[in-house]
Amino acid sequence: MSSLNERVSRSDPEGRKMTIVEALREALQEEMRRDERVILLGEDIGVQGGFGGAFTVTLGLAEEFGRRRVIDTPITEAGIAGVATGAALGGLRPVADVQYGDFLFLAMDQLANHAAKLRYMSGGKLRVPMVMRAPVGATTRGAQHAQSLEAFFMHVPGLKVACPSNPYDAKGLLKTAIRLDDPVIFFEHKLLYGSKGSRKEAGGLEIFGTVPQEEYLIPFGQARVLRQGPDVTLVANLLMVHKSMQAAQNLAEAGIEAEVIDVRTLAPFDWPTLFESVSQTGKLVIVEEDNLTGGWGAEVAARTADTCIGYLQAPIRRVAAPDTPVPFAPIMENFYVPSVERIVATVTELM
Amino acid sequence: MKEVSLTKEKKLAIYRSMVLCRMFEERVNSLFLQGRMPGTIHQAQGQEASAVGVCQALQEHDMITSTHRPHEHAVARGIPVKNLMAELFAKKTGCCGGKGGSMHIGDAALGMLPAIAIVGGGIPLATGYALSFQYLKKPNIVACFFGDGASNIGSFHEAINMAAIWDLPVVFICENNKYGASTAIDQVMKVKRVSDRAAAYGIPGKTVDGNDVEIVYQAMQEAAARAREGKGPTLLELETYRLAGHSRSDPGHYRSKEEVAEWKKRDPIARFEAAYLKEGLLTDNLIRTIRSSVEQELNEAVAFAEASPSPLPEECLTDVFVE
């Protein structure tokens, strides 16, 4: 699964190779140096001798910025989300995190009822410039440390949702998220982090990407076409981008050229890029790790059907997880998580 | 701590503010029953000493957070009543442009976040706002209002614990009006007082007569001073009673006539008047003058609200995001 990395690398030969964890850490570091109002809030993020967060993203930041700005919290997800929201209202730019995305359900009231709605309820007078980072993805931890939650948050008006698949995007999108005046839920995939040492993730992909020396930002709402092809459009996020790229390579060997789109942000969603692609290929396969029912792919399918019906030459298909909790046993988890083979088979059926 | 001695002007300001709160609620009730405003309302008649005693102890750039029963907090904080009234009338000139309504009135620029109508939901927000004050080295504090019912919800525990460990400049104000909707607090809380719970966080907890405005003011001054000095939060329980129902359609059959009558005797405005008529600060004439000026202010607020334009239907699409 190296094609994405190669593509990113080729785009900037002067850059440095780094993992997503390193790219995220650099984004936080740069934004904290740039703006004193940026603070971090989370569990085990700054403790000396600790982990630097569950996946080492904040490792070393407390040493540079002090515990005043890298704030370790109790185990208190509703409190973290609410305090981050309140601090944002008071003029700070908090970047909060939860150790596993699944814990966001504990913070749901603060995110969905308060962070997302305060600007609206105030008649446009308030701003909530906060970021909530959350790791997602099935990684043999069973049902409660594994879910893909993007659709829940994409559904809430007032929240922005980012889900980068590579180090370049992770850094550029996180920097943008911190500077946005709206609340952002920022999803990171555990198998893409590239965490090292004792926090290295079993089964993780070796994702190294090229990150330029100079500063850059990536705007929300701009998908990226990673691979062009006239036969079918594959649209994916996070880990599924990599599986879709691999599937596209396999399909190419069979003479099927797929276009692969990385959504990068789900809210806002780059509809024009998707519709342009589908109007060329006439076929759409959506690849997501979330459960099939009500996943973000359902929205993409509905909107595409609405807009591109005249171009579609086949039914829109979704490759998603089944409607079950995430299983533990690796043999079951491998069945559960959409695979390259399933993507290839789904595309092949449409041809 | 020594008694705070109030000037005559301060006492009169406190009195007028309580009268404005009460008469605002009475006017809203009557307008509501006439069908002149949409939605629902949760009123606070009887709780004026709490709203006013707390808000009179605050400074200009302090912040309050409120609840689904926010009218008196907003009036006591000094949000112009015409903008409050216009919001209740769902007008564009309302303090939230018609997007908030009764349960979300407020104006952060004037020291009150939009009221938070999820029980307990405002407690973490108040704590976060206090973190911003501390971080930005501002001399201000947050006064966080909530009811007795909120003291049983998780966000109460999570947020007060965080405020306590970080010594944040916030005062947690539990207006214990004895009922969460129709459920009596002693049915749903094993400890005697909400303030007993402060011990769990290692912060001071204090219960005072929430229907005596000067006692509330004194207690709030003390807690506010502590917060401003960087000594952290206080859990201040104000014992009070809502003379109205829980919401617009509630006749309050779960409360005995005797209990309501007993609390009517402790009406904070009547008590203040009785004490100061005797003492000479107030006269019947002065009371009439004050009430008539409040009446005038409310008449103007209603006229302003009724004459104000409604928002356009499609304005519902704006203010979701900044950018």
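From the residues in the range B:106-116 that are over 15 Å from A:G82 (Cβ atoms) and aliphatic (A, V, I, L, M), which one is surrounded by the fewest Cβ atoms within 10 Å (Cβ to Cβ)?
Start the filter on the range B:106-116 by keeping residues that are over 15 Å from A:G82 (Cβ atoms), which leaves B:106-112, B:115.
This time we only want the ones that are aliphatic (A, V, I, L, M), so: B:108-110, B:112, B:115.
Details: B:A108: 18, B:A109: 11, B:L110: 16, B:M112: 26, B:A115: 27.
The extreme case among them is B:A109.
Right, A:A107: surrounded by 24 or more Cβ atoms within 10 Å (Cβ to Cβ) and at the interface with another protein chain (Cβ under 7 Å from one of its Cβ atoms) or not?
It is false that A:A107 is surrounded by 24 or more Cβ atoms within 10 Å (Cβ to Cβ) and at the interface with another protein chain (Cβ under 7 Å from one of its Cβ atoms).
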**OP:** Would you please name the residue that is nearest to the chain's Cα centre (by Cα), looking only at residues in the range B:10-23 that are among the charged types (D, E, K, R) and within 13 Å of B:L286 (Cβ to Cβ)?
**Re:** B:R16
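Output the residues belonging to the range B:275-323 that are in a loop (DSSP other than H, G, I, E, B) and in contact (Cβ under 8 Å) with a residue 60 or more places away in the chain. Please lay out each step first, then the result.
Here is the first cut: in the range B:275-323, the ones in a loop (DSSP other than H, G, I, E, B) are B:280-283, B:308-312, B:318-323.
Hits for the range B:275-323 are B:L281, B:L282, B:S308, B:P309, B:S310, B:P311, B:D319.
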Original post:
Under 6 Å by Cβ, and 6 or more places apart or on different chains, what pairs join a residue from the range A:175-188 that is more than 21 Å from A:G101 (Cα to Cα) with one that is of a type in the set (S, T, Y) and in a helix (DSSP H, G or I)?
Top reply: none
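Identify, from the list A:I71, A:I45, A:I75, the residue that is under 21 Å from A:H114 (Cα atoms) and within 25 Å of the chain's Cα centre (by Cα).
Working: A:I71 fails: under 21 Å from A:H114 (Cα atoms); A:I45 fails: under 21 Å from A:H114 (Cα atoms).
Step by step, each of A:I71, A:I45, A:I75 is checked, and only A:I75 is under 21 Å from A:H114 (Cα atoms) and within 25 Å of the chain's Cα centre (by Cα).
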Original post:
Within the range B:178-186, is there a residue that is under 27 Å from B:C21 (Cβ atoms), modelled with pLDDT of 95 or more and within 20 Å of the chain's Cα centre (by Cα)?
Top reply: no
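Counting just the residues of the range B:124-143 that are more than 7 Å from chain A (Cβ to nearest Cβ) and over 14 Å from the mean Cα position of the chain (by Cα), which one comes out surrounded by the most Cβ atoms within 10 Å (Cβ to Cβ)? Before the answer, list the steps.
Going through the range B:124-143, the residues more than 7 Å from chain A (Cβ to nearest Cβ) turn out to be B:130, B:134, B:137-143.
Restricting the remaining residues to those that are over 14 Å from the mean Cα position of the chain (by Cα) gives B:130, B:134, B:137-141.
On the way: B:A130: 33, B:Q134: 23, B:K137: 6, B:K138: 15, B:P139: 10, B:N140: 22, B:I141: 29.
Out of the qualifying residues, it is B:A130.
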**OP:** Can you tell me which residue within the range A:85-103, out of those that are crowded, with 24+ Cβ neighbours inside 10 Å and in contact (Cβ under 8 Å) with a residue 60 or more places away in the chain, is nearest to A:R33 (Cα to Cα)?
**Re:** A:V95
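With the range A:102-203 as the region, which strands (runs of 3 or more DSSP E) entirely inside it contain at least 1 residues that are in contact with a His (Cβ under 8 Å, 6 or more places away or on another chain) and of a type in the set (V, I, T)? Give the steps one after another, and end with the answer.
Details: elements: A:131-136, A:160-162, A:184-189.
Output list reads A:131-136.
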Original post:
Among the candidates B:K192, B:K99, B:K137, which residue alone is closer than 30 Å to B:E306 by Cβ and in a loop (DSSP other than H, G, I, E, B)?
Top reply: B:K99
Subject >> In the range B:144-162, residue surrounded by the fewest Cβ atoms within 10 Å (Cβ to Cβ) [restricted to those that are more than 7 Å from every other protein chain (Cβ to nearest Cβ), over 19 Å from the mean Cα position of the chain (by Cα) and not aliphatic (A, V, I, L, M)] >> reply: B:N152
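The values are calculated or read from the model by the stated rules, or taken from the named source; none is laboratory data. Model, not experiment: these values are computed from the prediction. All Cβ positions, even for glycine, are placed from backbone atoms using ideal geometry, and neighbour counts span all protein chains on display.
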